[in-house]
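The values are calculated or read from the model by the stated rules, or taken from the named source; none is laboratory data. Source: prediction; values computed, not measured. Here the Cβ is made from the backbone with ideal geometry for all residues, glycine too, and neighbour counts use every protein chain on show. Note: areas computed on protein heavy atoms with side chains; ligands, DNA, RNA excluded. Shrake-Rupley method; radii C 1.70, N 1.55, O 1.52, S 1.80 Å.
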Amino acid sequence: AWYVPCLASLETLQELCRKENLTCKSIGITNRSLKSYEVEYLCDYKVEEGTEYYLVKWKGWPESSNTWEPQKNLKCPLLLQNFLSDKNEYLSRMREGKALKVRNHIKALKPGVADYIVKKAKQRIALQRWKEELNRKKNHKAMILVENTVDLEGPPLDFYYINEYKPAPGINVINGITTGCECADCPAEKCCPKEAGFILAYNKQKKLKIQPGLPIYECNSFCRCGPDCPNRIVQKGTPYSLCIFRTNNGRGWGVKTLQKIKTNSFVMEYVGEVITSEEAERRGQLYDTQGNTYLFDLDYDSDEFTVDAARYGNVSHFVNHSCDPNLQVFNVFIDNLDLRLPRIALFSTRTIKAGEELTFDYQMKGSIDLTSDSADGLSPSRKRIRTVCKCGAVCCRGYLN
């Protein structure tokens, strides 16, 4: 489905709801806020006749309804803390490299400071709503957090969270498998991997034990084994709480883990729209003009299909490239044994500390399609504009492609 963004501002929608006495939780209009006043954020500050006042934006009310309130009337310590923190952050940035005198007893904020505080408050609310939306849509237990301490960038406007492949019309990502293993103990018996001619991918600790390039065959929905089977890993989704965060070196959003990840552990799956290679070629030329791409060739057996995570995807959409990555790509087969349509899983290549950014190499086999201009056998239409790499690794190649 294609979505059309609403052109009306949040304030306009709130005003319309109030006129019609309608509730809408997503824009802050509830039965409670229709009948009462709740502080959404603080916009400005002044001192008059020795009394401190804050300009209040009321939750569910348009900005035209903002009022100045004395501090003694405000019962919102966290919002006051955010206001002061944002003010100090703005002033500290303005003071960088300058010898400015700090006044502790200001009578009013300068317009630039107040404007920044309002933008930061709106961003904080937007990111909180986005975090709630992501956690509402995900199908795994681990949490997704969102963080931006770098700039005023808010949630991406044209990105929709999905948990599994979204096939384009005419593409079938489920091939109608109707049989599964009869194992009572999958690691010890002739399970799904052995039927496909390969070894079981995981050890007893549910860690990967095969080399990159080999496929993973997990037990499927028709297998006799239960949900605790050691050969059911990728299908359960990421087990780690992750944070989508704003990078401070111009790489946009990134992803970091909030928990320690051991070597050879499953971290996340790469999902998006499944399209033909011909459609990927057309989109790729458009993405080149924008300086980015999320095209991931499914080339385990052929190059017939590509995954495009530009508009539809999961947390992996935000994982950055590194020439020295801590994640490795593997092809996985579960309920679809079509070799042209593997699922793409990312596993840790080493121990990853809590708070460390997650990365993978866009030039990995079967990885994101950022083809070099000098690649052999490419037609002119398949050549890609070279993109400068900002990974910062000691072994950085200088370009993503």
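Things worth noting here:
- Sole exception among (1) assigned to a strand (DSSP E or B); (2) β-branched (V, I, T); (3) modelled with pLDDT under 95 for I344, by number: (3)
- If you go through the stretch 260-284 and keep only what is touching a helix residue (DSSP H, G or I) at 6+ places or on another chain (Cβ under 7 Å) and not aliphatic (A, V, I, L, M), you end up with F266, E269, Y270, E281.
- Positions within the stretch 62-82 being in contact with a Lys or Arg (Cβ under 9 Å, 6 or more places away or on another chain) and open to solvent by less than 50 Å² (accessible area, probe 1.4 Å), in sequence order: P62, S65, N66, N82
- Put simply, of Y300, Y287, Y270 the only residue that is at pLDDT 95 or above and either assigned by the TED database to the domain that holds R340 or within 25 Å of L127 (Cα to Cα) (or both) is Y270.
- In the stretch 384-392, the count of residues that are outside the structural domain of V234 (by the TED database), at pLDDT below 65 and open to solvent by less than 30 Å² (accessible area, probe 1.4 Å) is one or more.
- Set L127, L145, L134, L157: member being of a type in the set (A, V, I, L, M, F, W, C) and assigned to a loop (DSSP other than H, G, I, E, B): L157
- Residue list for the stretch 197-216, restricted to those being under 26 Å from T276 (Cα atoms) and surrounded by fewer than 17 Cβ atoms within 10 Å (Cβ to Cβ): P212, G213, L214
- Residue tally, condition without any contact (Cβ under 8 Å) to a residue 60 or more places away in the chain and surrounded by fewer than 19 Cβ atoms within 10 Å (Cβ to Cβ), over the stretch 28-50: 12
- Total residues in the stretch 298-311, condition in contact with a Phe, Trp or Tyr (Cβ under 8 Å, 6 or more places away or on another chain) and open to solvent by 10 Å² or more (accessible area, probe 1.4 Å): 2
- Hey, K87 under 30 Å from the mean Cα position of the chain (by Cα) and in contact (Cβ under 8 Å) with a residue 12 or more places away in the chain or not: yes
- Top-ranked residue in the stretch 1-48 [being of a type in the set (K, R) and closer than 19 Å to Q128 by Cβ; ranked as modelled with the highest pLDDT]: K25
- Flag if G176 is open to solvent by less than 70 Å² (accessible area, probe 1.4 Å), free of Cβ contacts under 8 Å to residues at least 40 places away in the same chain and within 16 Å of P342 (Cα to Cα): yes
- Members of the stretch 326-340 found to be assigned to a loop (DSSP other than H, G, I, E, B) and open to solvent by 10 Å² or more (accessible area, probe 1.4 Å), listed by number: D335, N336, L337, D338, L339, R340
- Subset of the stretch 51-61 that is closer than 19 Å to V113 by Cα and open to solvent by 50 Å² or more (accessible area, probe 1.4 Å) - its residue that is nearest to the chain's Cα centre (by Cα): Y53
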